[in-house]
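Q: Take this structure first; my questions come after.
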Amino acid sequence: MGKIIVSGEGGQGVRVISHTLATLLANLGYQVSLLYDYDSVVRGAMSVAHLIYEKGAIGNPVIGEADIMLKLSDKAHGLHAIKTVCQTGLCTEEEIDFDELGIENFGKEIFGNMIALGRLMSLAHIDVSEKELAAALPLKYHEENLSAVLFGYHLKEEDLHRGRASRTAQEANFSSDKPGELKPDA
Amino acid sequence: MFLGAIEAGANFFAGYPITPSSEILVLAAERAAKDPSFKFIQSEDEIAAANAIMGASLAGAKSFTATAGPGFSLMQEAIGYGHQVEIPTVIINGQRVGPATGMPTMPAQEDILQSRYGSSGDYFPIVFYPGSVAECYRYTIISFNAAEESLSPVILLSDAFLSHLNEVVDLESIKLETVPRTRPPLGTGQRTFTGLTHDEEGRARTADAKVHRQWYYKTKERNTKVAAKYPDFELSGNKQSDTLLISSGIVSRVISPLGSEFALFRPIRIFPMLGTELRQIADKYKTIAVIEANDGQYASLVETELHRDVVRVPILGGRITLELAKEGLKQSLGREVS
Amino acid sequence: MYKDLLKLDLFPTSWCPGCGIGQIMIQLAMAMDELGLNHTNCTVISGVGCTGRVSGYMKVDGVYTLHGRTLPVAEAIKLVKPDLKVIVVSGDGDLASIGGNHLLHAARRNPDITVLCNNNNVYGLTGGQAGPTTPRDTKTLTTPDGAYYDPINLQNVMKSGAKYFYARTTVQHQLHLRNCVKEAINWPGFSFVDIACHCIENNGRRLGFNSAYEMLQHFRKTYTRAPAGATELGPNEIGIIRKT
């Protein structure tokens, strides 16, 4: 039983994350409602998913206060959650640089959204077998996505900080007095 | 909704891309690519689409289209044509904030009156507005049936949130009989189907008031009879409450938690108005409040049916939340809402 | 014979004495008769305007559509019943002004329907307002100083499609008109017959003609046959151009 909000911008995979999770939960036998609330722009504007799962029928599909919110960008307002996990720089609770982890471990920033899904599942205590997870994922990039979700699910304390640290190191590379000049690795 | 249409025997779709109904257009195209008995046209505009479904229906197909607010406005003339010529077809309208292009992805209920009075002239349409994904399936089938029985274009309303809602549905458990086409298609007789006022033989009678009156009262009576087969609504009574909240579609879902404090009425058949049912139910309540995502369109009609004042709680701008509904209720009722 | 295709019990028709639409309808009926078309294999779709009345006088299932919407209706009917011959009979305003967008896309999509366009250069039924095919400088109700714009070039609109069949004829050239209609019906694709026609009451008299007969003679004098094998019809040339 839970209420999850995924908030991001068009192109970050809000739909893929939430639809995968919804399918997973439906396959487990829950009643699920998944509502998309998004702006009329293909990229860069607000895209939010309200996901509710219960044993019985669901009344109001619009979430007032979520149990957990995954925040991938800052485009939506007025969303509330008891716990928030977000992309770096967007909140003070739990920040994970999903983009960076995506690049580091899977070669593309976009895999960060599957890592985020894994983290979300871990925080929501949604335990499933690999087979159940595989059945809910989209067919495209199936293997990479599966690995990414599992990676996110098993993220430990030290991993959570690693992303931030490596990003800070990168920032240090660019902080030179001559704009455009790159300092060698510290 | 698309699956409901197929279940009802739909085999023709013409449409134009428009949020939040483009998904239905795409599903229809994909179906046509696999099934040669299902015909599909992506029309050059909504006017063409609305006229195409009229022609297709006359040719014998169970036709439908899907659009949203501004597209619905473009289709109005054709809807009137469908009533004048007595053509069974279904038009899905996903309501969004308007007017004009407005907020394409944001839910609203601003086309309630348009679905009743949008076309020129007098006509008596049947309009449904489901409140869940399961009801979307069910009422699509019912809309096709009502269309065949009334020989008129039935409007199936939705809204941008309902159209973006995914729910777990057991389609197998929703079983309804489908009404078959009765009128022989084009190419079998020597009939005239005309948008001009006409007699039973289809001859234009553009200077005969009696002919118009006969046609109008005949179709009004027929549509009333057909609609009476579907007096659908949902009532969750509340003995502790002296206030009845009326809402439909996504708004009724969002305010459903208020059922612990208020009595809730949800019309599913929007037109003809559920006058008899409303009068019977409303009698018990001191206050009637209509919560809707528009500026009092359904409320004004409820007042006419009940001959009493009705509290209006408009939720405008596409943000439909329980909090906003509670705030609006608090303001309008002048008391706290838990 | 062709009279069996007409609802003679509804005659006299609602058209003015001398109107050319009657001739279009007769030639259509003759063409249908020669091709073996009747109510079991043919339907006539007409628009709004004087021309729109044609389908009501013919012994086939017919549809009067909304103004300008014959083409979407006809195309949908053909899609649902491909074995039915679908013939559209409408006017220049209905097809090229309010129906212009649909004409463009019908030419592009190339459905197997036939369009007979009663091209009389005005909106006749409503009194004689200028239309999309009114020649420049013509006096009409809405252009008392003469029409301001050049008319739409229907031949070019048809030629914009990858395949086309465009026939131009006049109500005076009866046999040519009938042959154009027959060939158009037999054409496997979108066929358009542009029929120069006269509207004596709401156009001709304003232009100085005293009778329908004078207008017909005018057609006889001003229209010439295009040379055989022409791929484009010159102004005031009657003939057929095709592209497969």
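The values are calculated or read from the model by the stated rules, or taken from the named source; none is laboratory data. What you are looking at is a predicted structure, and each value in this text was computed from that prediction instead of being measured. When we count neighbours, we look across all protein chains shown, and the Cβ atoms used for this are built from the backbone with ideal geometry, even at glycine.
Q: For B:Asn223, are the conditions met, namely being modelled with pLDDT under 95 and not hydroxyl-bearing (Ser, Thr, Tyr)?
A: So B:Asn223 does not fit the description; no.
Q: Would you please name the residue that is nearest to A:Leu34 (Cα to Cα), looking only at residues in segment B:168-178 that are in a loop (DSSP other than H, G, I, E, B) and of a type in the set (D, E, K, R)?
A: B:Asp170
Q: Okay, next question. Checking the condition assigned to a helix (DSSP H, G or I) and surrounded by 24 or more Cβ atoms within 10 Å (Cβ to Cβ), which residue from C:Leu104, C:Leu95 passes?
A: C:Leu95
Q: Filter segment A:78-101 down to residues that are among the aliphatic types (A, V, I, L, M) and touching a helix residue (DSSP H, G or I) at 6+ places or on another chain (Cβ under 8 Å) and give me whichever is modelled with the highest pLDDT.
A: The selected residue is A:Val85.
Q: Does segment B:29-51 include one or more residues that are of a type in the set (Asp, Glu) and away from chain C (no Cβ under 12 Å)?
A: yes
Q: Here's something else I'd like to know. Can you name the residue in segment B:179-218 that is assigned to a loop (DSSP other than H, G, I, E, B) and basic (Lys, Arg) and is also farthest from C:Val86 (Cα to Cα) among such residues?
A: The residue in question is B:Arg205.
Q: On to the next question. Only one residue in B:Ile24, B:Ile53 is surrounded by 19 or more Cβ atoms within 10 Å (Cβ to Cβ), under 18 Å from the mean Cα position of the chain (by Cα) and over 22 Å from B:Phe193 (Cα atoms), so which one is that?
A: Criteria check complete, one pass: B:Ile24.
Q: Select, from A:Ala45, A:Ala22, A:Ala76, the only residue that is of a type in the set (A, V, I, L, M, F, W, C), within 18 Å of B:Phe161 (Cα to Cα) and crowded, with 22+ Cβ neighbours inside 10 Å.
A: The match here is A:Ala22.
Q: Give me the residue from segment B:289-336 that is within 14 Å of another protein chain (Cβ to nearest Cβ) and assigned to a loop (DSSP other than H, G, I, E, B) and, out of that set, nearest to the chain's Cα centre (by Cα).
A: Selected residue: B:Ala293.
Q: Condition first: outside any helix (DSSP H, G or I) and either within 14 Å of chain C (Cβ to nearest Cβ) or at positive phi (or both). Now tell me which residues in segment B:8-28 satisfy that.
A: Once the filter is applied, which keeps residues that are outside any helix (DSSP H, G or I) and either within 14 Å of chain C (Cβ to nearest Cβ) or at positive phi (or both), segment B:8-28 yields B:Gly9, B:Ala10, B:Asn11, B:Phe12, B:Phe13, B:Ala14, B:Gly15, B:Tyr16.
Q: Here's a follow-up. Restricting the first residue to segment A:14-36 and requiring it to be at the interface with chain B (Cβ under 9 Å from one of its Cβ atoms) and under 19 Å from A:Met46 (Cβ atoms), which pairs with a second residue that is among the hydroxyl-bearing types (Ser, Thr, Tyr) and part of a helix (DSSP H, G or I) meet a Cβ separation below 6 Å and a spacing of at least six or different chains?
A: Final answer for the pair search is A:Leu34/A:Ser18.
Q: Limited to segment C:107-132, what total is found for residues that are of a type in the set (Ser, Thr, Tyr) and buried (at least 24 other Cβ atoms within 10 Å of the Cβ)?
A: Final tally of qualifying residues: 2.
Q: From the list B:Leu156, B:Leu171, pick out the single residue that is of a type in the set (A, V, I, L, M) and surrounded by fewer than 16 Cβ atoms within 10 Å (Cβ to Cβ).
A: B:Leu171
Q: For segment B:1-17, how many residues meet the condition of being under 23 Å from C:His105 (Cβ atoms) and surrounded by fewer than 23 Cβ atoms within 10 Å (Cβ to Cβ)?
A: Qualifying residue count, segment B:1-17: 2.
Q: Kindly indicate whether B:Asp283 is loosely packed, with under 14 Cβ neighbours inside 10 Å and within 22 Å of B:Glu110 (Cβ to Cβ).
A: Answer is no for this residue.
Q: Same structure, new question: Take the residues in segment C:175-204 that are among the aliphatic types (A, V, I, L, M) and in a helix (DSSP H, G or I), then tell me which one is modelled with the lowest pLDDT.
A: Only one residue fits best here, namely C:Ile200.
Q: Follow-up question, since we're still on this one. Does segment C:46-57 hold any residues that are at the interface with chain B (Cβ under 8 Å from one of its Cβ atoms) and either modelled with pLDDT of 95 or more or farther than 14 Å from B:Arg203 by Cβ (or both), and which are they?
A: C:Val48
Q: Next up: Among the candidates C:Asp92, C:Asp83, C:Asp112, single out the residue that is charged (D, E, K, R), within 11 Å of chain B (Cβ to nearest Cβ) and either more than 25 Å from C:Met215 (Cβ to Cβ) or in contact with a helix residue (DSSP H, G or I) (Cβ under 9 Å, 6 or more places away or on another chain) (or both).
A: C:Asp83
Q: Would you check if there is a residue in segment B:139-148 being closer than 27 Å to B:Arg96 by Cβ, out of contact with any Phe, Trp or Tyr (no Cβ under 6 Å at 6 or more places or on another chain), outside any helix (DSSP H, G or I) and at pLDDT 95 or above?
A: No: zero hits.
Q: Let me ask something additional. If you check B:Leu171 against the conditions, is it more than 13 Å from the chain's Cα centre (by Cα), within 14 Å of chain A (Cβ to nearest Cβ) and within 26 Å of B:Glu292 (Cα to Cα)?
A: No; evaluated as a whole, the condition is false for this residue.
Q: Looking at segment B:50-64, can you tell me whether even one residue there is in contact (Cβ under 8 Å) with a residue 12 or more places away in the chain and either in the same structural domain as B:Pro267 (by TED's automatic domain parsing) or part of a strand (DSSP E or B) (or both)?
A: Yes, some residue in segment B:50-64 is in contact (Cβ under 8 Å) with a residue 12 or more places away in the chain and either in the same structural domain as B:Pro267 (by TED's automatic domain parsing) or part of a strand (DSSP E or B) (or both).
Q: For segment B:79-100, state whether one or more residues are of a type in the set (Gly, Ala, Ser), in the same structural domain as B:Glu167 (by TED's automatic domain parsing), surrounded by fewer than 24 Cβ atoms within 10 Å (Cβ to Cβ) and part of a helix (DSSP H, G or I).
A: yes
Q: Here is a check on your reading of the model: is C:Ser191 among the small types (Gly, Ala, Ser) and within 14 Å of the chain's Cα centre (by Cα)?
A: So C:Ser191 fits the description; yes.
Q: So, one more: Has segment A:74-93 got at least one residue that is touching an Asp or Glu at 6+ places or on another chain (Cβ under 9 Å), in a helix (DSSP H, G or I) and either within 13 Å of chain B (Cβ to nearest Cβ) or over 21 Å from B:Ile255 (Cβ atoms) (or both)?
A: no
Q: Turning to a different aspect of this structure: Scanning segment A:56-67 for residues that are more than 7 Å from chain B (Cβ to nearest Cβ) and either closer than 13 Å to B:Glu167 by Cα or in contact with a Phe, Trp or Tyr (Cβ under 7 Å, 6 or more places away or on another chain) (or both), which turns out surrounded by the fewest Cβ atoms within 10 Å (Cβ to Cβ)?
A: The selected residue is A:Gly56.
Q: Quick one: which residue in B:Ser241, B:Ser152 is closer than 30 Å to B:Glu277 by Cα and either in contact with a Gly (Cβ under 9 Å, 6 or more places away or on another chain) or free of Cβ contacts under 8 Å to residues at least 40 places away in the same chain (or both)?
A: B:Ser152
Q: I'd like the residue in segment C:58-79 that is within 7 Å of chain B (Cβ to nearest Cβ) and part of a strand (DSSP E or B) and, out of all such residues, is farthest from C:Cys199 (Cα to Cα).
A: C:Asp61
Q: If you don't mind, another one. Taking into account only those residues within segment C:186-244 that are in contact with a Phe, Trp or Tyr (Cβ under 6 Å, 6 or more places away or on another chain) and polar (S, T, N, Q), which is surrounded by the most Cβ atoms within 10 Å (Cβ to Cβ)?
A: Among residues in segment C:186-244 that are in contact with a Phe, Trp or Tyr (Cβ under 6 Å, 6 or more places away or on another chain) and polar (S, T, N, Q), the one surrounded by the most Cβ atoms within 10 Å (Cβ to Cβ) is C:Ser191.
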